[in-house]
Amino acid sequence: MSVMSSPVEFLELLAREAAAVEFEGPLVAARSAGLPPERIAELERAKTVALRVRALLERRRRRESELSGLYDTVSDLAGLRDLDEVLRAIVHRARHLLGADVAYMTLNDAERGDTYMRVTDGSVSARFQRLRLPMGAGLGGLVAQSGAPYVTANYPEDERFHHTREIDAGVGEEGLVAILGVPLRLGSTSIGVLYAANRTARPFAREEVALLLSLAAHAAVAIDTARLLAETRAALEELSSANTTIRAHSSSVERAAAAHDRMTALVLRGGGVEDVAAAVTDVLGGVLLVLDAEGRRLAQVGEIDEPERAEIVEAVAASRTEGRSVRRGALWYAAVVAGTENLGVLVLRPEGEPDDADQRILERAALVTALLLLFRRTVAEAEGRVRGELLDDLIARPLRDPDALRSRARRLGVDLDAPHVLVAVGDDAIAATGSARQRVLSWATTYASTRGGLAAARDGRVALMLPGHHAGDSARAVARDLSRITGRPVTAGASGPFTDPASLGTAFREADRCLTALGALGRAGQGASSAELGFVGLLLGAVDGGGDADVSRFLTATIGPVIDYDARRGTALVRTLEAYFGVGGSLARAAEQLHVHVNTVTQRLERVGQLLGADWQQPDRALEVQLALRLHRLRTPG
């Protein structure tokens, strides 16, 4: 027996990891050498043991490779960053460890009720990579539905599975024959399937099924870990967003509290609407416009074009109905209301998009503005009553204590010794409802007080005592402005100027008669003074019993300077005027009647022009002068 035919040769074959077929070499050599049968049998036993040892070593090497692959998979899971990368690594290892042609993974779709291809390795068919398997259909659909592993050595010929045209077409295009599928399980729930497949018929050993189950378990852990990480990230993002929202809300609350404190302080220290507007724009930014109920500007911060009146009315109505600020285009509106009464509106053009807290600040500003306007009205009404009482006392009662009245007037900012005119407003302004009369009186009080005057309701009229020298101009201004406020023509009669408070009663009666004369002349809706009406006013007002006092005032206003000149100088200007008018304006005939030279008449008439004004010979003025001369002669017949 040669050395090469000894059992030692099998050890050498094991040592160099020879292929299984090489273990037949020593037996072939022994038979060729003609060794006895007992020796051949011994070598057969040695070969069998060597092959068993070789198989055991092969299994150990394979197990070592499997364990290494599982260890690498666990390492991937420990450093999980991207789920797709981990799943691709698991599928690739499954293909490598099982020596399969293709490995792939499907996941269950709970919404659609089927399972879809998630990852493939070794696949060449696009159709196969897009497969969706109904639950229970095909090998994978059955594994996904049952949660148990299935294996087939020849899938196209295996009648255990429910074949569908789509699945068979995809498997056929990929060329798969032998398929092993194991479930991906999380607890008792199957979430998908991990596969290993060959393009030739091949049985899969129990160890291979166990290995694929291990890899599937790791894949399920990876999927669940990724889900938990995603949920954790989402929770962290939600927490971050909530924290950001809380910080923003906290900032808004603090800003709103600061704005509230600031506006409260404004009210307590007697601030005005302008201060509230400034405070709002300091907090919110942008431009703010404050309008009253009639659309007049009460305050403005920044440059802004006033919206159309129709838009304002609609926005205010919407704000009152909703009980909060409303948006119209780029502008925000907050109605300024007190109960059911509309006092005005705040119009804000913000720099950015205001949040809920900013809107609350604007609405709080509207509330504070309403309080300020009500307070201003209350103060104005109280002051108006005081002013009205003073003017009523000046008109109705004799001045028993002029100094006390002057002191009362000074406290109201009125100087009774300065020139004043008195304006009476007619029934056309106050004959409406009680609220309308109150509105007219409120306007008159404000109008007079802003000019250092007084206003009061008296005998169905509204009387205004205004500083100034031009009664007619004051009457026209009052008629114009009050007509605009009431929306109807307003007539105003005036008298003055006067500097003696004791003459206020007489001035009121004269203004009242002027008012009556304007109505009789068809001049309703206009304003004029008694001086401008001249003798016409005197005649039309005579029915009211003006008496001698009115005649005296008319004489004084018309030819008073000429009468006074004659009295001081002993001249005959009045007689010259009478003669001049008596002869129709002829200088020569007047000179004959007076028994003086024509030049003397001329000089006297020039002096009259200096005393009465250059227009004394104009027709209207000349008529008044002639009437005054007649009244003067009647009063002084001697």
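The values are calculated or read from the model by the stated rules, or taken from the named source; none is laboratory data. Predicted model only: the values in this text are computed from it and were never measured. Methodologically, a virtual Cβ is constructed for each residue, glycine included, from the backbone with ideal geometry; neighbour enumeration extends over all protein chains shown. Remember, those area values only see protein heavy atoms, side chains included, never the ligands or the DNA or RNA. Shrake-Rupley method; radii C 1.70, N 1.55, O 1.52, S 1.80 Å.
Computed values, structure above
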{"item": "Within region 358-376, backbone nitrogen closer than 19 Å to the virtual label 7 Å beyond the Cα of residue 438 toward Cβ", "result": "370-376"}
{"item": "Extension gain, residue 201 back to residue 310 (0.36 nm per residue minus Cα-Cα distance, nm)", "result": "30.6 nm"}
{"item": "Amide H contacts of residue 115 (H built 1.01 Å from N, under 5 Å, at least 5 apart or other chain)", "result": "109, 133, 135"}
{"item": "Computed label-point distance, nm, for sites residue 321 and residue 246 using a 7 Å Cα→Cβ extension", "result": "4.0"}
{"item": "Whole-Hz ³J(HN,Hα) from phi, Karplus 6.51 cos²θ - 1.76 cosθ + 1.60, for region 616-626, glycine and proline x", "result": "5, 9, 5, x, 4, 5, 4, 5, 5, 5, 5"}
{"item": "Separation in nanometres of the label points that stand 7 Å from Cα toward Cβ, at residue 8 and residue 567", "result": "17.3"}
{"item": "Region 81-109 residues near the modelled residue 173 label - backbone nitrogen below 18 Å, point 7 Å along Cα→Cβ", "result": "102-106"}
{"item": "Rounded to the nearest 10 Å², the accessible area of residue 578 at probe 1.4 Å", "result": "50"}
{"item": "Estimated vicinal HN-Hα couplings, Hz - region 127-137 in sequence order (Karplus 6.51, -1.76, 1.60; Gly, Pro = x)", "result": "5, 5, 5, 9, 4, 10, 10, x, 4, x, 8"}
{"item": "Residue 292-residue 451 pseudo-label distance in nm [points 7 Å out on the Cα-to-Cβ vector]", "result": "1.6"}
{"item": "Other-chain or far-sequence residues with amide H under 5 Å of residue 527's (modelled H)", "result": "492"}
{"item": "Cut-off under 5 Å, modelled amide H: who pairs with residue 458 long-range", "result": "463"}
{"item": "Whole-Hz couplings from phi, Karplus 6.51/-1.76/1.60, listed for region 149-165; x for Gly and Pro", "result": "x, 9, 9, 9, 7, 8, 4, x, 9, 7, 8, 6, 9, 7, 7, 10, 4"}
{"item": "Label-zone membership for region 163-197, site residue 153, 7 angstrom Cα→C-beta point, backbone N under 16 Å", "result": "177-180"}
